[in-house]
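Take a look at the structure below.
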Amino acid sequence: MTATPAPDILSPEFAADPYSSYRAMRDDFPLLWHEGMQSWIISRYEDLERAFKEPVFTTDNYDWQLEPVHGRTILQMSGREHSVRRALVAPAFRGNSLQDTFMPVIERNARLLVDGFRSRGTVDLVPEFARRFPVTVIADMLGLAPADHEKFEHWYTTVIAFLGNLSQDPEVAAAGLRTRDEFAAYLLPLIAQRRENPGTDLLSTLCVAEIDGTRMSDEDIKAFCSLLLAAGGETTDKAIASLFKNLLEHPEQLAAVREDRSLLPRAFAETLRFSPPVHMIMRQPAEDVELGGGVVPAGSTLTCLIGAANRDERRYANPDAFDLFREDLTAKTAFSAAADHLSFALGRHFCVGALLAVAEVEVGANQLLDAMPDLALAEGFRPSEQGVFTRGPAALPVTFTPVA
Ligand code: HEM
């Protein structure tokens, strides 16, 4: 019997500092039942690795977690249905398509935002860059009118709130469902137009994609685009903000990256490990499974704490230190399914947008560093993280000398 009480992931103490609770869970409660969430919780690296890789851990939990707001998406699918759907969408997010078609979109959107504050000498990087950049990139990739980007940002906020609604607030749930209807009313006519007159944008690519005679239905495309709002917006937003928080809090590492920009992927990989944008994802075992020293029953919900596993001292030396030079994290594979951090998950549902995320982070970070050569945290400001399901800095006010 352990004397210390089990940490409560819905408590204010946990929200303020999840990392000490994560350590207590890894050490003393590797398999924990949470009554309020009606979920089992795991926190050790080796247990999460199994939960992501072994097919017995299904993603059926997304039927209730995501389907009400997005419709049915690839996250819920398995087997051939999943592999065909994934093959239909994946090529748009890698290789030539990413480099030739979407890189200019990423660069343009970063520049537009940086131009808004480059002569000012101060900026809060969270609201003025990190939160806006990925969502405008996705809207622009899809070929949506710039005038609609604001609508997109609003939908994105309500969808994220719905997904992170661990305490089931009814107003948050209702706003998520309203967004589902508004998004469908907005996108379905555009899908019809693109089917008639396809262009080179992502929405057209999804309309014409075909694998083994299978094409995506209008509903499939709408659901996928809705998923992109959350999967590609919120996550990359937190990733960019956390990268800058980590570097600003470690000025010697910031100086090293500024000097040698080829260190950016290492800094990003370590940011993903140290401060993952998504702190938890869920799974639903199809059968009773032995895990974490107990048995997780078939059909139950299993919460996998990525934020805890990425700091497992059984896996990483000195895990609570941010160190882009650490040797137990391989930057080369950090953005592929062979990654040795868990922030993009592993296995069949490994993040389809990982390479897009790296492209956005690299372009964004390079442009920010160029525009702000002596970037530093605003005087007296100490950054703090916010969020339990997804997590990142709430604000990041900085000062800099504008480049003439
Ligand atoms: C740093 C940024 C990102 C992080 C940390 C992240 C994280 C994740 C995680 C943890 C999963 C697995 C979910 C699960 O297995 O339950 C996932 C899947 C996914 N991500 Fe990302 N993501 C990021 C960026 C993006 C971007 C930019 C896109 C946009 C294209 C994207 C699209 C997706 C999609 C479509 C899936 C579902 C894949 C499947 O089910 O096969 N993500 N992501």
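The values are calculated or read from the model by the stated rules, or taken from the named source; none is laboratory data. It should be emphasised that the depicted structure is a prediction, and the values quoted were computed from it without experimental measurement. Note that each Cβ is placed from the backbone with ideal geometry, even for glycine, and that neighbours are counted across all protein chains shown.
Within the stretch 368-404, being on the phi > 0 side of the Ramachandran plot and modelled with pLDDT under 95 holds for one residue alone: Gly387. Considering only residues in the stretch 329-345 that are surrounded by 13 or more Cβ atoms within 10 Å (Cβ to Cβ) and away from the ligand (no atom under 14 Å from the Cβ), the one that is nearest to Asp47 (Cα to Cα) turns out to be Asp340. The set of residues from the stretch 44-56 being assigned to a loop (DSSP other than H, G, I, E, B) and closer than 25 Å to Gly79 by Cα comprises Glu54, Pro55, Val56. Among residues of the stretch 81-103 that are closer than 16 Å to Pro134 by Cα, those with a beta-carbon under 7 Å from a residue that is within 9 Å of the ligand (Cβ to nearest atom) and outside any helix (DSSP H, G or I) at least six positions away or on a different chain give the pairs Phe93/Val352; Phe93/Gly353. When Ile138 is tested against the conditions (1) buried (at least 18 other Cβ atoms within 10 Å of the Cβ); (2) more than 16 Å from the ligand (Cβ to nearest atom), the lone failure is (2).
Here is a check on your reading of the model: is Thr158 in a helix (DSSP H, G or I) and within 16 Å of the ligand (Cβ to nearest atom)? Considered against the rule, which asks whether it is in a helix (DSSP H, G or I) and within 16 Å of the ligand (Cβ to nearest atom), Thr158 comes out as no. Scanning the stretch 1-43 for residues that are in a helix (DSSP H, G or I) and not small (Gly, Ala, Ser) yields Pro12, Glu13, Phe14, Pro18, Tyr19, Tyr22, Arg23, Met25, Arg26, Asp27, Asp28.
Could you say whether any residue in the stretch 392-403 is within 16 Å of the ligand (Cβ to nearest atom) and assigned to a helix (DSSP H, G or I)?
no
Test Ala365 against the criterion of being over 23 Å from Thr136 (Cα atoms), more than 7 Å from the ligand (Cβ to nearest atom) and either hydroxyl-bearing (Ser, Thr, Tyr) or surrounded by fewer than 22 Cβ atoms within 10 Å (Cβ to Cβ) (or both), and give yes or no. The answer is no for Ala365. Restricted to the stretch 57-100, the set of helices (runs of 4 or more DSSP H) holding at least 2 residues that are farther than 17 Å from Gly299 by Cα and at pLDDT below 95 comprises 67-70, 79-89. Among the candidates Leu75, Leu112, Leu125, the residue that is out of contact with any Ser or Thr (no Cβ under 7 Å at 6 or more places or on another chain) and surrounded by 18 or more Cβ atoms within 10 Å (Cβ to Cβ) is uniquely Leu125. Does Thr200 qualify as being of a type in the set (Val, Ile, Thr) and either part of a helix (DSSP H, G or I) or without any contact (Cβ under 8 Å) to a residue 40 or more places away in the chain (or both)? No; evaluated as a whole, the condition is false for this residue.
Of all residues in the stretch 141-154, exactly one satisfies the criterion of being free of Cβ contacts under 8 Å to residues at least 12 places away in the same chain and outside any helix (DSSP H, G or I), namely Ala145.
If I ask for residues that are surrounded by fewer than 14 Cβ atoms within 10 Å (Cβ to Cβ) and either without any contact (Cβ under 8 Å) to a residue 12 or more places away in the chain or at positive phi (or both), which ones from the stretch 155-187 would you list? Scanning the stretch 155-187 gives Gln168, Asp169, Pro170, Glu171, Ala174, Asp181, Ala185. Arg258 - would you say it is of a type in the set (D, E, K, R), at negative phi and buried (at least 24 other Cβ atoms within 10 Å of the Cβ)? Against the criterion (of a type in the set (D, E, K, R), at negative phi and buried (at least 24 other Cβ atoms within 10 Å of the Cβ)), Arg258 does not qualify.
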